[in-house]
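We did not get these values from a lab; they are worked out from the coordinates using the rules stated. The model shown is predicted, which means the values in this text are computed figures rather than measured ones. Here the Cβ positions follow ideal geometry from the backbone for every residue, glycine too, while neighbour counts run over all protein chains shown.
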Amino acid sequence: MYLKSLEINGFKSFAKKAALSFDTPITGIVGPNGSGKSNVAESFRFVLGEQSIKSMRGKRGEDLIWNGADGGGKMNRASVRATFDNSKRLFNIDFDEVSLERVVHRDNTNEYLINGSPARLKDITELLAAAHIGASGHHIISQGEADRILSANIMERREMIEDALGLKIYQYKKIESQRKLEKTEENMKQVESLRREIAPHLKFLKKQVEKIEKAEEMRNELRGIYKEYFKREEDFIRVEKARIIHEKEKPEADARRFDRELVEAKSILEASKNKDAASAELILLENELATCRREKDEFNRKLGGIEGEIAAAHRVIAKEKEKHSKDEFKTVLLKDVEGVAQNIEELGNLTDAKSLFDQVKKLLRTFIASHRDAQDSALIAETEKEIVIMKEKKSALELDLKKISEKETAVEENYHALRQKIESEKDKNRDAEKNMFRIIAAQNEVRTILAQLKSREDIIAATEIAMKREFEEAYMVIGREVSEYQDFVVAGEESRTAQEERRKQIEKLKIRIEDAGGAGSGADVMKEFKETEERDIHLSHELADLEASKASLEKLIADLDARIDFEFKDGILKINAQFQQFFALMFGGGTASLSVVKEKRRKKKSDLDGLIGDDQETNMSDEETEGDEESREGLDISVNLPRKKVKALMMLSGGERALTSIALLFAISQVNPPPFIILDETDAALDEANSRKYGDMIESLSKYSQLILITHNRETMSRAGVLYGVTMGADGASKLLSIQFEEAVKVAK
């Protein structure tokens with residue numbers, strides 16, 4: 001025995017606790033009409049999770065609670081508990097005894113308990129479905145519902161048979177899988193939406209990262225070029241300085257020697273008794289000439305410095321112009337934009353749209369062309385101003401140099417004229433004067449050499465300053481690694497032209513780095529890109545997992561459909577065999593069978609197809625349908641009574657319909673016996689002869705399932721091992737009396 005007991009407390013007419021024990025294969029419940037015996041069947045529906053209050057003859061949850069009478073007040077709750085023997089693991093739960101309890105309160109709230117622990121309705125439903133038990137169906141059949149399987153449409157009938165065949169668990173699994181599939185598809189849409197949402201930002205960040213990476217590649221290239229450039233520049237400056245120092249040693253020594261010799265020659269002439277005014281004038285001219293040459297050298301030095309500054313300024317302008325030769329660096333003054341806007345507004349009197357459009361295009365092309373080659377740089381303007389100032393200084397220096405050169409030329413002419421005059425004279429100072437002339441000539445040559453060396457020194461000094469300035473820029477662009485240039489090993493010597501080309505290459509790379517994102521590392525952009533990319537990869541993996549889950553769910557649903565279809569059709573074959581046997585027994589012959597037929601209908605929005613709920617409408621409204629027609633397989637019943645030309649169910653009499661439905665229900669129960677069956681006055685329409693047949697079938701059926709019979713039929717009562725009598729007192733409450741059937745027979749005698 002699977003069903004051990006049922007406890008009813010406050011449910012409908014059972015005001016006080018009533019307990020029924022089921023220790024025999026067949027238990028009978030008897031009592032007069034209105035005593036509340038059918039409430040026992042409804043208590044089974046209630047505890048097994050029935051959600052339709054209507055099927056339990058109520059409108060609201062509080063209708064199921066004892067509402068009081070003259071003898072006592074109403075109750076605030078009703079409860080029913082069914083206890084099962086689970087030693088054979090009828091239920092998939094590790095207890096030898098399982099009790100299911102349901103409590104309803106006046107506020108329509110429900111509680112569900114499994115072995116005293118709170119549970120969900122879903123837990124109860126799944127536990128029962130796995131054991132082939134449900135709140136309603138083939139194993140709880142009340143008076144009037146026996147005919148329901150005959151009067152149902154083909155799809156409703158299929159659902160009843162599927163429930164009887166134990167396919168409900170697969171239906172639940174299918175429903176759950178379809179819910180999961182819908183949720184999965186919704187999640188996929190959300191994930192795809194998130195990916196579409198971040199895609200433009202990720203694309204933008206990727207371009208920024210590509211720019212940064214490109215800039216980093218160019219920085220690495222620039223780093224290598226810089227190291228060689230600074231190493232070669234440093235070596236060149238060092239070598240050139242050493243060479244100049246070496247080359248200056250002899251001229252400086254000669255200059256010091258010539259200065260001493262000239263002093264000696266002058267002293268001889270000054271000490272000469274025969275010196276005259278010509279000699280004194282010669283000395284003055286010589287001193288004046290030396291002064292002119294010193295001033296000339298100073299002007300040349302200043303001129304060389306300012307020319308170097310002008311050349312540097314021109315390089316700055318060239319660099320800036322090269323940078324601004326690209327369109328993205330061009331700017332347009334607001335007044336120019338306002339001007340072209342004014343010109344466009346003045347075209348408003350044109351009524352021809354095409355002419356207006358052509359004129360606007362022409363204005364815009366002219367405007368763009370006029371500004372394409374424009375250079376607008378504050379640095380260029382400032383540098384050009386500085387060049388103008390330096391050129392003015394240069395012009396002033398050139399004028400001063402010209403004046404001192406003219407003075408030098410005039411002094412030299414006087415000097416040479418006086419020299420020739422003195423040389424023509426034949427006096428005792430001739431040799432000393434000739435010696436002085438030789439010394440002065442040699443001094444001029446030495447001064448020229450030293451001036452050239454000084455010019456080279458100035459160039460090297462300017463080169464060294466430029467190198468330091470370039471080093472500072474390099475440090476800003478590529479960082480402290482530029483300081484490692486001293487470790488760079490150069491391969492052989494090269495001309496200054498190669499170094500100048502290297503410097504031009506450096507300038508180009510710096511401009512390209514600025515175009516590609518500047519000198520910064522872009523760490524924030526790289527971090528944001530990495531985080532966004534990781535987010536996209538995560539979403540991609542999540543989408544792949546969801547797609548795999550979707551495919552798995554679709555396969556599971558297809559497998560469940562295939563299993564349901566196979567077991568359904570296999571079950572129909574088995575039911576037909578039993579149906580024919582019971583039908584022939586009930587009618588003394590004839591034939592009866594179930595057949596699978598197709599019903600065409602419009603596709604429903606949801607694939608659940610009414611599996612959740614109490615009723616299923618075959619004819620759906622336009623709002624509930626969409627798409628093309630589809631075919632569903634339902635069940636039709638064919639009968640052929642002996643000695644009658646009756647084949648349609650609608651042509652059967654009430655008694656014949658009752659016998660047919662009982663035969664079919666018993667056939668279903670024989671094929672897939674449920675743990676227990678509750679029959680609520682299904683024998684009410686049977687005569688004495690058919691009651692005996694009914695009783696025989698009950699005894700046969702009790703070998704497979706426990707039977708709880710609610711009946712008035714004496715023949716049916718005689719088959720029960722225990723009888724429970726339901727009576728109703730003056731207070732309107734139902735009460736139970738129990739007696740063994742054998743004892744009842746003795747008492748009756």
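Quick one: Cα convex hull volume of the range 113-254, Å³ per residue? Walk me through the numbers on the way to the answer.
Details: hull volume 36.4 nm³, N = 142.
Each residue corresponds to 256 Å³ of Cα convex hull volume.
For the residue pair E688 and I237, what label-to-label distance in nm results when each label sits 7 Å from Cα along the Cα-to-beta-carbon direction?
Rounded to a tenth, the inter-label distance reads 13.6 nm.
May I ask for the angle, rounded to the nearest 10°, between helix 168-271 and the longest principal axis of the chain, with both axes built from Cα atoms and the value confined to 0 to 90°?
Around 10 degrees separate the two axes.
Compute, for the chain, the length of the dipole vector about the Cα centre, with Cβ point charges of +1 (Lys, Arg) and -1 (Asp, Glu) only. Units Debye, rounded to 20.
Working: 125 positive and 141 negative charges, 325 e Å.
Dipole size: approximately 1560 debye.
Expected output is a single nm value to one decimal: the length gained when fully extending between A312 and H105, i.e. 0.36 nm times separation in residues minus the C-alpha distance. What is it?
My answer for the length gained is 64.8 nm.
Grab the DSSP H runs of the chain that are 4 residues or longer, score each as -39,500 (n - 2.57), total them, divide by all residues and round the 222 nm result to the nearest 500 deg cm²/dmol.
Values: 16 runs with 445 residues, N = 749.
Calculated mean residue ellipticity at 222 nm is -21500 deg cm²/dmol.
With r defined as the distance between the Cβ atoms of E472 and A341 and R0 fixed at 45 Å, what FRET efficiency is calculated, to the nearest 0.05?
0.50
DSSP loop (so not H, G, I, E, B), at most 11 other Cβ within 10 Å: list which chymotrypsin sites (Phe, Trp or Tyr not before Pro) in the range 455-564 pass both filters.
Here no chymotrypsin sites (Phe, Trp or Tyr not before Pro) fit, given the DSSP loop and packing criteria.
If we sort 222-230, 117-125 on the protection proxy, mean other Cβ atoms within 10 Å, highest first, what's the order?
Top of the packing list down: 222-230, 117-125.
Under 14 Å between alpha carbons, and skipping anything fewer than 8 positions from K510 in its own chain: which aspartates and glutamates qualify?
Once the sequence-local aspartates and glutamates are set aside, what remains near K510 is E216, E217, E221, E320, E322, E470, E472, E473.
Modelled label-to-label distance, D254 and D696, 7 Å Cα→beta-carbon offset: nm?
In this crude label model, D254 to D696 measures out at 15.3 nm.
Checking the cross-link filter: which aspartates and glutamates have an alpha carbon closer than 18 Å to that of K296, excluding same-chain neighbours under 8 positions apart?
Cα-Cα hits under 18 Å: E286, E288, E307, E398, D400, E406, E408, E412, E413, E445, E457, D458.
Using the reciprocal of the averaged 1/r over all distinct C-alpha pairs, how large is the Kirkwood radius of the range 1-77 in Å?
13.5
Starting from the exponent 0.38 and prefactor 2.2 Å, build the expected Rg for the range 179-230 from its residue count and divide its actual Cα Rg by it.
Working: Rg = 21.6 Å, N = 52, 2.2 N^0.38 = 9.9 Å.
Taking N as the residue count of the range 179-230, the ratio is 2.19.
If we count other beta carbons within 10 Å of each Cβ, what is the order of M56, M160, fewest first?
Ordered by Cβ neighbours within 10 Å, fewest first: M160, M56.
Strictly over 21 Å apart at the Cα level, which of K168/K569; K703/K735; K319/K394 would you flag in this model?
K703/K735; K319/K394
If one takes the longest principal axis of the Cα atoms in the chain, at what angle in degrees, from 0 to 90 and to the nearest 10, does the Cα axis of helix 523-587 lie?
So the helix axis and the longest Cα principal axis differ by about 20 degrees.
Considering every pair of different Cα atoms, what Kirkwood radius, in Å, is found for the chain?
Evaluated on the chain, it is 38.9 Å.
Where does each of 246-252, 704-710, 414-420 land if you order them by average Cβ count within 10 Å, highest first?
Details: 246-252: 13.4, 704-710: 22.6, 414-420: 15.1.
Top to bottom by mean Cβ count within 10 Å: 704-710, 414-420, 246-252.
May I ask you to list the lysines whose Cα is less than 17 Å away from that of K527, ignoring any residue fewer than eight positions away on the same chain?
K203, K206, K207, K211, K214
Relative contact order of the chain, please, whole-number percent, based on alpha carbon pairs below 8 angstrom and at least 6 residues apart.
Relative contact order comes out at 25 percent.
Expressed as a whole percent, how much of the Cα-Cα distance distribution for the range 1-148 exceeds 26 Å?
23
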